[in-house]
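Encoded as structure tokens, the structure appears first; notes follow it.
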Amino acid sequence: MKGDEKKKLYCPNCEDDRNVHPVTRDETYTVRGEEIIVSVETMVCSMCGESIGNDEQDQKILDAVHEEYRRRVDLLTPDRIREIRNHYHLSQKSFAMLLGMSEATMNRYEQGGLQDQTHDTVIRACEKPEVIRDLLSRRGHLISDWQRKRVEQALAGQEEPANQLLDHLGEVDWVCMPKEVSEKTGYRIFDYKRFAGVVLSFCDLLGEISRTTINKLLFYADFLNYKISTVSLTGTTYRKLDYGPVPADYGGLLSRMESEGLLFCEERPYPNGKTGFYYSKGSNADSMRFDFDEIENRVLNVVARDLGSLKATEISEKSHQETAWKDTEEKQLISYIHAMDLSLSLS
Ligand SMILES: [Zn+2]
């Protein structure tokens, strides 16, 4: 570890860069009146002894504290909460609706946030199908027809064959995507089968893909197709967010694909201690194949070839160079007119 010995970090106490060394010690945290001791490794200023942490480390410690607290008072783990929800093919949003909670809260619990005792009790009760059946009869009107049907199938224990399922897809209005033929949609009505087909094509070509990457690949595929054919590939509308363009309601779209078994999603820690979502083909993926024409397939192959090996941060930086991103206001929808300046082309 000679390289590490030379490394200096900024010490807020000394107000200067200092040599640091790792120290492991037990720290005591109090969670809802319970004292919890966890073993923590931090870097310490060699001059003054101040511990120099960062947000990622703090989050790791917090996760460890929560894990120990859950074990002690017997709360559901984040994985178990997700399992219960997936058992009924519910999205986070629909599950939260049925239980009278917010989608953000449900998401937080599945990410490792500590649930309150009341919420833990109601989520645990949902292990029993009767409880879901009861919730569905009283609060089922709050979720979409499509989602309700999926739960009923899960409850009946009889999966509808995937090809029949596909027949219903066009009828249901379930996603926050403008239904219009305009420069926002690349002059195509949003088409979920095409959207899912593009995602699965990239999974075929590239294997496992991070959420950040998949959002950018979709953007490049849609915009490149528009540049070539003056029509988008999927009709998806993109919004300018900090990390680049992302499909409007990508969370809803990807979790729908996940709940249909088209995509498999795994949450894993990044090296920096945060976690990210990785997607690969789900068990039903082969039931959903969209036949793209020759040009469209070339678009998909060029996007995968040119961008597939880049890291998420690299694609993100690349997208920041596109006129589509530069000439759009924060959080606003991106016009496909900018596709004409796209850095990619079919060659
Ligand atoms: Zn110091």
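The values are calculated or read from the model by the stated rules, or taken from the named source; none is laboratory data. Keep in mind it's a predicted model, so treat the numbers as computed, not measured. FYI the Cβ positions are ideal-geometry reconstructions off the backbone, even for glycines, and counts take in every protein chain you see.
Structure above, values below:
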item	result
Test: residue in segment 62-77 that is at pLDDT below 85 and buried (at least 16 other Cβ atoms within 10 Å of the Cβ)	yes
Among the candidates 127, 83, residue that is at pLDDT 90 or above and assigned to a helix (DSSP H, G or I)	83
The lone exception for residue 148 - which of (1) loosely packed, with under 15 Cβ neighbours inside 10 Å; (2) more than 30 Å from residue 16 (Cβ to Cβ) it fails	(1)
Identity of the residue in segment 59-87, in contact (Cβ under 8 Å) with a residue 12 or more places away in the chain and among the β-branched types (Val, Ile, Thr), that ends up nearest to residue 119 (Cα to Cα)	81
The lone exception for residue 270 - which of (1) modelled with pLDDT of 90 or more; (2) exposed (fewer than 15 other Cβ atoms within 10 Å of the Cβ); (3) aromatic (Phe, Trp, Tyr) it fails	(1)
Qualifying helices (runs of 4 or more DSSP H) (wholly inside segment 275-347; at least 1 residues being surrounded by 14 or more Cβ atoms within 10 Å (Cβ to Cβ) and over 22 Å from the mean Cα position of the chain (by Cα))	294-307, 323-326
Candidate set: segment 44-78, residues that are of a type in the set (A, V, I, L, M) and under 24 Å from the mean Cα position of the chain (by Cα); chosen: the one nearest to the ligand (Cβ to nearest atom)	61
Residues within segment 16-58 that are part of a strand (DSSP E or B) and without any contact (Cβ under 8 Å) to a residue 12 or more places away in the chain, tallied	6
Restricting segment 15-29 to residues that are surrounded by fewer than 10 Cβ atoms within 10 Å (Cβ to Cβ) and under 35 Å from the mean Cα position of the chain (by Cα), the residue that is farthest from residue 63 (Cα to Cα)	24
Criterion (of a type outside the set (D, E, K, R), near the ligand (Cβ under 10 Å from one of its atoms), at pLDDT 90 or above and not assigned by TED's automatic domain parsing to the domain that holds residue 116) met by exactly one of 13, 19	19
Pair list, Cβ < 6 Å and 6+ apart or interchain, from segment 304-328 residues that are over 18 Å from residue 225 (Cβ atoms) to residues that are hydrophobic (A, V, I, L, M, F, W, C)	328/334
